[in-house]
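The numbers here are math on the coordinates, done by the rules we state, and not lab data. Every value quoted in this text rests on a predicted model; they were computed, and no experiment measured them. A quick note on method: Cβ atoms are made from the backbone with ideal geometry, for glycine too, and the neighbour counts reach across all protein chains shown.
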Amino acid sequence: MDVEPGVVLDVRHGPVALGRWTRIQSGSRLEGPLALGPGCRVKAGARLYGGTSLGIGCRVAGEIGETVAMHFLNKQHDGFIGHAVLGSWINLGALTTCSDLKNNYGSIRVDLGFGPVDTGSRFVGLLAADHVKTAIGTLLNTGTCLGFAANIFGTGMPPKSVTGFSWGWDGAVYDTDKAVATAEVVMGRRDCLLTADHKRVFRMVAGD
């Protein structure tokens, strides 16, 4: 574990648990209750708020609050993510930001592909499946749902529900073979192997 000088660990409201081989750069503020899995890296000046849990090998910067992320989240630049649930192997481009509170403070509706559902909650941010990628400067509405291997880019704000294997959000489809090839590169950079079982999952979700 490597915690550089100038890091603030605020445990007044709960513990801050740091996994093995975690690195926290100077100027970061971590507020409990918070847990970081083994091998996480927190870049200089990051603000991680209570209620956040990050899995193995996540690399994060900017502002994150009340968010659960699985393994190998890549959010290495500024931008806000709050009240979110994120899968594994997600890359959030620089300044990607999600809203987690409506302007009228009303209950947030989400659409997981079966029609809008009222959550009854005032705070819901981004829900993103494994292998999602967002472009630089992506802005996401409250309760946005991004499907498996969706590649988010384009002009304006994407719809609140984007299906898996979307290429942008105008109806184009991300070719399964290209998505698998990208995942193989991404996982290889972290010394992880994209197995035959992983590839079968891609094709099953894509309906190939």
| request: Would you be able to tell me the number of residues in the range 144-164 that are closer than 18 Å to residue 84 by Cα, of a type in the set (A, V, I, L, M, F, W, C), under 16 Å from the mean Cα position of the chain (by Cα) and assigned to a loop (DSSP other than H, G, I, E, B)? | output: 3
| remark: Of the listed residues (42, 16, 11), the one being touching a Gly at 6+ places or on another chain (Cβ under 7 Å) and surrounded by 18 or more Cβ atoms within 10 Å (Cβ to Cβ) is 16
| request: Give the residues of the range 176-208 that are in a loop (DSSP other than H, G, I, E, B) and either under 16 Å from residue 130 (Cβ atoms) or over 22 Å from the mean Cα position of the chain (by Cα) (or both), sorted by residue number. | output: 190, 192, 193, 194, 195, 207, 208
| query | Is it the case that some residue within the range 123-131 is within 19 Å of residue 70 (Cβ to Cβ), touching a residue at least 12 places away in the same chain (Cβ under 8 Å) and charged (D, E, K, R)? | reply | yes
| query | Of all the residues that make up the range 165-175, how many are more than 19 Å from the chain's Cα centre (by Cα) and either farther than 15 Å from residue 150 by Cβ or in a loop (DSSP other than H, G, I, E, B) (or both)? | reply | 5
| said: With the structure loaded, tell me whether residue 148 is surrounded by fewer than 19 Cβ atoms within 10 Å (Cβ to Cβ) and either farther than 24 Å from residue 189 by Cα or in contact with a helix residue (DSSP H, G or I) (Cβ under 7 Å, 6 or more places away or on another chain) (or both) or whether it fails that test. | reply: no
| task | Starting from residues that are crowded, with 19+ Cβ neighbours inside 10 Å and hydrophobic (A, V, I, L, M, F, W, C), keep the ones in the range 154-179 and report whichever is nearest to residue 117 (Cα to Cα). | result | 162
| note | Pairs returned, first residue in the range 45-69 that is at positive phi, second residue that is part of a strand (DSSP E or B) and of a type outside the set (D, E, K, R), beta-carbon separation under 8 angstrom, 6 or more apart or interchain, are 51/34; 51/65; 62/80; 62/81; 66/52; 66/82
| task | Residue by residue through the range 1-18, note down the ones that are among the hydrophobic types (A, V, I, L, M, F, W, C), in a strand (DSSP E or B) and closer than 20 Å to residue 37 by Cβ. | result | 3, 9, 16, 17, 18
| note | Going through (1) surrounded by 18 or more Cβ atoms within 10 Å (Cβ to Cβ); (2) aliphatic (A, V, I, L, M); (3) under 21 Å from residue 36 (Cα atoms) one by one, residue 124 fails only at (3)
